[in-house]
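**Q** Quick one: this structure, given as structure tokens, is what I'll be asking you about.
The values are calculated or read from the model by the stated rules, or taken from the named source; none is laboratory data. Keep in mind it's a predicted model, so treat the numbers as computed, not measured. Backbone-built Cβ (ideal geometry, glycine too); neighbour counts: all protein chains shown.
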Amino acid sequence: MRAVRRVAAPRLLDETVDGGLHLVAVRRPSVPMVEVRLCVPLGAGLVRHAAGPLVLTGAVTAGTAHHDRASLADAFERLGGALDAALDDDVVTLHAFGLATALPTLLDLVNEVLTGATYPADEVRAERDRTADEVIMDLSRPEVQAGEALRARLYGHHPYATPTPRPEALRRVSAAGLRAIHPRVFDPRGAHLIVVGDVSTARVARLVAERLGPWLAGAGAGATPLAPLPPVTPGGIELHDRPGALQSNVLVGANAPRRTDPQWPATALANLVVGGMFTSRLVENLRERHGYTYSPHSDVHHGRPGSTLIVAAEVGSSVTAAALVELRYELGRVAALGVSEEELEGARRYAIGSYLIRTSTQRGLAATLAAYATSDTPASLVFEHPARITRATLEDVNAAAREHLGPGSMATLVVGDVDVVGPALRALDEVTTPSA
């Protein structure tokens, strides 16, 4: 194996501060800017009833006692930045950025939103209608329908199986309801604050204590932990009908190691070989050799309650069964026969190279630190990632492939026209067709 570039870990602040807030700060002086990400985990109740949190992420920046939406946006623009919010599975993220010299004022404005968002009724009505319209468009997309079906198949009664909030639920969200859940959503206890920029970590810690003090003082009990993800039950094909569809969504999923698991680096490399990069075996087989699909891929999602490997391909209805045969073949081949030294070297360089690109900017590093924090992974492992990838041997990778990538350990789901794809799929495996 050829030598790879060593990554020097910067000085890292990683501690719990007043109010139970988890603070991670890194000085990155590449540009005179600062990135701030507040990531707040949601409890099971808010995950299951996500209509409120979803509308909240658009309405939380609609005004405070001192600013309406336009003047709040203008205040951040004068600092050279902006403020926005988003909901991703079970985490609400408030993202702000601006000039590093303006960090005190930026934190003042963040504190103003956290402690005094007003949720004006007209803004909430507009936001909930806009969100409902977006959801209607999303739910018309086959890949969204397939993703919801797969979550239900993999996670059963776990909150992670909860589907996207429906338009009728979103349109019932009220301004009073958002004001009521705001303290539950933005509870400092158990939240993660990531700060990356041209500011010393000591100054960041001092400014957070000073400028976010009013918010930290209102800490509650924090979000209730989510139960671990259930083990995936393999076997058979779950077939969901989409009458008249010209294409099918083929997905398989399995439990995967968390980032803290010693086997994770080897599993990540095995996954890259199979379907995690454009030169993968799935791309070579399903796209280049057979022309069944444009971009088959496999990814690992890391969440608070566990990690999941998902392999997906969108294929023509007439070749759905054939594509599933080849997909299972590639998974079985890597599990039974392993990878070659050449494939491992290519995957290793891809993993480290993409890591270096991803973390080369303040924004990319902040996003990576946030992803680690919200999956309960120590921040130090962000900077140890290249070394962990480098240490994984061929034997480690092949052992991980045997344990985690075999098709016998995965659940299979297909969304397509049952009349067209059903007969051939039944020739492959037992098929169940859940009612709508």
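**Q** For a quick check of your reading: which helices (runs of 4 or more DSSP H) sit entirely within the stretch 1-86 and have at least 1 residues that are farther than 30 Å from S200 by Cβ and of a type in the set (S, T, N, Q)?
**A** By residue number, 51-59, 69-77.
**Q** If you don't mind, another one. Considering only the stretch 37-54, how many residues are buried (at least 24 other Cβ atoms within 10 Å of the Cβ) and within 19 Å of Q362 (Cα to Cα)?
**A** 1
**Q** Being among the polar types (S, T, N, Q) and not in a helix (DSSP H, G or I) is the filter; apply it to the stretch 266-282 and report the residue that is surrounded by the most Cβ atoms within 10 Å (Cβ to Cβ).
**A** S280
**Q** Would you mind telling me which numbered condition in (1) surrounded by 16 or more Cβ atoms within 10 Å (Cβ to Cβ); (2) on the phi < 0 side of the Ramachandran plot A70 fails?
**A** Single failed check for A70: (1).
**Q** Specify which of the listed residues (D133, D187) is at pLDDT 95 or above, over 18 Å from the mean Cα position of the chain (by Cα) and buried (at least 18 other Cβ atoms within 10 Å of the Cβ).
**A** Only one candidate qualifies: D187.
**Q** Can you tell me how many residues within the stretch 342-381 are out of contact with any helix residue (DSSP H, G or I) (no Cβ under 6 Å at 6 or more places or on another chain) and among the β-branched types (V, I, T)?
**A** Count: 4.
Each row is one residue, and each column tells you yes or no for (1) free of Cβ contacts under 8 Å to residues at least 12 places away in the same chain; (2) among the charged types (D, E, K, R); (3) within 30 Å of S307 (Cα to Cα); (4) out of contact with any Pro (no Cβ under 7 Å at 6 or more places or on another chain).
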{"position": "A59", "(1), (2), (3), (4)": "no, no, no, yes"}
{"position": "H66", "(1), (2), (3), (4)": "no, no, no, yes"}
{"position": "E77", "(1), (2), (3), (4)": "yes, yes, no, yes"}
{"position": "V91", "(1), (2), (3), (4)": "no, no, yes, no"}
{"position": "V113", "(1), (2), (3), (4)": "no, no, no, yes"}
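**Q** Now a separate question. Search the stretch 284-333 for residues being free of Cβ contacts under 8 Å to residues at least 60 places away in the same chain and basic (K, R), and hand back the single one that is nearest to A270 (Cα to Cα).
**A** Of everything passing the filter in the stretch 284-333, R333 is nearest to A270 (Cα to Cα).
**Q** Considering every residue within the stretch 283-303, establish whether at least one is crowded, with 23+ Cβ neighbours inside 10 Å and assigned to a helix (DSSP H, G or I).
**A** The answer is yes, given that some residue of the stretch 283-303 is crowded, with 23+ Cβ neighbours inside 10 Å and assigned to a helix (DSSP H, G or I).
Here is a yes/no grid of residues against (1) under 29 Å from I352 (Cα atoms); (2) touching a strand residue (DSSP E or B) at 6+ places or on another chain (Cβ under 7 Å); (3) not assigned by TED's automatic domain parsing to the domain that holds R179:
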site: G43; (1), (2), (3): no, no, no
site: L87; (1), (2), (3): yes, no, no
site: A102; (1), (2), (3): no, no, no
site: V110; (1), (2), (3): no, yes, no
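**Q** Just the residues that are among the small types (G, A, S) and surrounded by 20 or more Cβ atoms within 10 Å (Cβ to Cβ), please, taken from the stretch 199-258.
**A** A223, S248, G253, A254, A256
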